[in-house]
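The values are calculated or read from the model by the stated rules, or taken from the named source; none is laboratory data. Just so it is clear, the structure is predicted and the values come from calculations on it, not from any experiment. We place every Cβ from the backbone using ideal geometry, glycine too, and count neighbours over all the protein chains shown.
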Amino acid sequence: MLRLEIQVTENLKTEKIVAVIVAAGRSTRMAGLDKQFASFGGRTLLAHTIAVFESSPLIHEYVIVLNEDNLLRGRALAFEEGWRKLKKIVVGGSRRQDSVWNGLVALEDNTAPDWVMIHDGARPFVTPQILVDGLAAAREFGSSIAGVPVKDTVKVVAPENLTVRETPPRDLLWAVQTPQIFRYSLIVEAHRQAIARNLDVTDDAMMLEQLDHPVKLYQAAYTNIKVTTPDDLILARSIFEDRNQVVGGQAVQGEPEPTARSSGSETRIGQGYDVHRLVEGRPLILGGVTVPFELGLDGHSDADVLTHAIINALLGAAGLGDIGRYFPPTDAVYKDISSLKMLSHVYALVKERGWQIQNIDGTIAAQRPKLARHIPEMRQTLAETLGIEPGRINVKATTTETLGFVGRMEGLEAHAIALLSR
C-alpha cells in the first residue's frame, strides 16, 4: 500500500485531479432539517466532507454543487472554514445527474482536468485512503466506483404485491457509494450522450454502463455512509464519537470542539460602503424605494446602493466577508435581483450565527435628487425586510457640495454602520 501511495503522489506532478461535491438535494427525508448544515463534532456535515478533499494531496481543486436556497449558506461556510481549493459554488439541477453536469462544466478550463472524483456531500466519512484506492482502481478502465459487499440477503420483489420473484447470489451484490472517479473527458462525453439520449440515471457509473464501458468497483468502507434520514444523522454522530474517543479529558484524534462562548453578551460593529454609477434607462432604487428621477444606478442587481452598504455592514459585524462573496456580479442567478431579497438572505445568515440587530445607521451621498421626503418609506421598507422596528434604522441623505464624482452627478455612494449583539 505504501508503494501505491508513492506512485500516486508521483503522478500528481503531471495530472490534474479535481472533484465535484454534490450537495444540491432538498433533504426531503430529514424531517425539516437541512442535512448538509446539520452539525456534529463542532462542524457541519458538509464541512466534515470537504475537509478530506481540502487536505488530500491528490486534489488540486473542487466545486460544490448546492441548491439555490443554500448558495449563501454555502458561501458563508466556505468563508468561515477558509477552504483554499474551492474553485466555485454552483447551483444544482432538478436531478442529481443535472447537478453533477453543472459541476463538471464549472471545472472546464483552458486545460481540462485529467481525473474527476464525484462525491456526495452527505458522505462525511470518506477517508484519504479511499481516494487513493479509488484513483488506483480507475486507472484500469478510466472509471471506478466505491462500494462494499452487501451483508444481507437481497430479494427481488414484484412491486404490485411485494411477493418474492428471485434471490440473487449475495456474492454478486455490492452496495455502491461515492466517490466515483473518472477520466474527466470520459465522464463529460458520457453526460453529453446521456443528455442527447434523454437518459435518467441514479449515478454516473450508469451512464458508462449504458455505453457498454467497463467500470471498476473498489472496496471502500461500511462507515462511508450517506446521511439521508434523521436516523442516519444519529449514526453519523455515533461514528464520529467512535473515531474521536476521549481519554483523560482529551480527544485522541479528530477535530477539537470549538471553545465555548462566554456566558455574557457580545457586541460587534460593522461598517459598510458601496458606490454605483448613474446612468440613463435604469430606475433609481434606494433602500428598497423607487425614487422618481431621470437617472438610475447601474449594476448587476437593482444597484440599490444604500441596501448594499447595509448588507456590507451586517456582514462586517458578523465577520462574514463582503457582499461580492455571496452575490458575485458574474453569476446570472443574481441578474436584476432585488437588493431587499439579498438583504433578507444575508440577515438570515447573520441570525443563524446568533446575532441580532441593535441599530443601523445609513447615509446616502447624492447631489440630486432630493431624498428627504423618501426617507421614512426607506426606513419602513428596510425594517419590514429585516423584521425589526423602524426605530432601529436611521437613514440620512447629504450632498457633497458639488465636489467629487457625486457632485458631478456621475454616481451615488452610501455608508452604513450596523451594531449587532448576541
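Does any residue of region 43-53 turn out to be within 19 Å of residue 231 (Cβ to Cβ), among the aromatic types (Phe, Trp, Tyr) and at pLDDT 85 or above? Looking for residues that are within 19 Å of residue 231 (Cβ to Cβ), among the aromatic types (Phe, Trp, Tyr) and at pLDDT 85 or above, one finds none in region 43-53, hence no. Examine region 125-139 for a residue that is modelled with pLDDT of 95 or more, in a loop (DSSP other than H, G, I, E, B), buried (at least 19 other Cβ atoms within 10 Å of the Cβ) and within 25 Å of the chain's Cα centre (by Cα), and state whether such a residue exists. Checking region 125-139: at least one residue is modelled with pLDDT of 95 or more, in a loop (DSSP other than H, G, I, E, B), buried (at least 19 other Cβ atoms within 10 Å of the Cβ) and within 25 Å of the chain's Cα centre (by Cα). When the residues of region 320-357 are filtered to those that are small (Gly, Ala, Ser) and under 19 Å from residue 70 (Cβ atoms), which remaining residue is surrounded by the fewest Cβ atoms within 10 Å (Cβ to Cβ)? The selected residue is 332. Of the residues making up region 142-172, just one is of a type in the set (A, V, I, L, M) and part of a helix (DSSP H, G or I), namely 172.
Just so you know, in region 358-370 the residues that are hydrophobic (A, V, I, L, M, F, W, C) and buried (at least 23 other Cβ atoms within 10 Å of the Cβ) include one that is farthest from the chain's Cα centre (by Cα), and it is 366.
Could you go through region 214-222 and let me know if any residue there is more than 24 Å from residue 66 (Cβ to Cβ), touching a Ser or Thr at 6+ places or on another chain (Cβ under 6 Å) and of a type in the set (Ser, Thr, Tyr). So far as region 214-222 goes, yes, one or more of its residues are more than 24 Å from residue 66 (Cβ to Cβ), touching a Ser or Thr at 6+ places or on another chain (Cβ under 6 Å) and of a type in the set (Ser, Thr, Tyr). Taking residue 349 as the residue in question, decide whether it is within 30 Å of residue 83 (Cα to Cα) and more than 18 Å from the chain's Cα centre (by Cα). No: the conditions fail for residue 349.
Across region 173-207, which residue is nearest to the chain's Cα centre (by Cα) among those that are among the aliphatic types (A, V, I, L, M), over 22 Å from residue 107 (Cα atoms) and in a loop (DSSP other than H, G, I, E, B)?
199
Of the candidates 132, 63, the single residue that is in contact with a helix residue (DSSP H, G or I) (Cβ under 7 Å, 6 or more places away or on another chain) and over 22 Å from residue 327 (Cα atoms) is 132.
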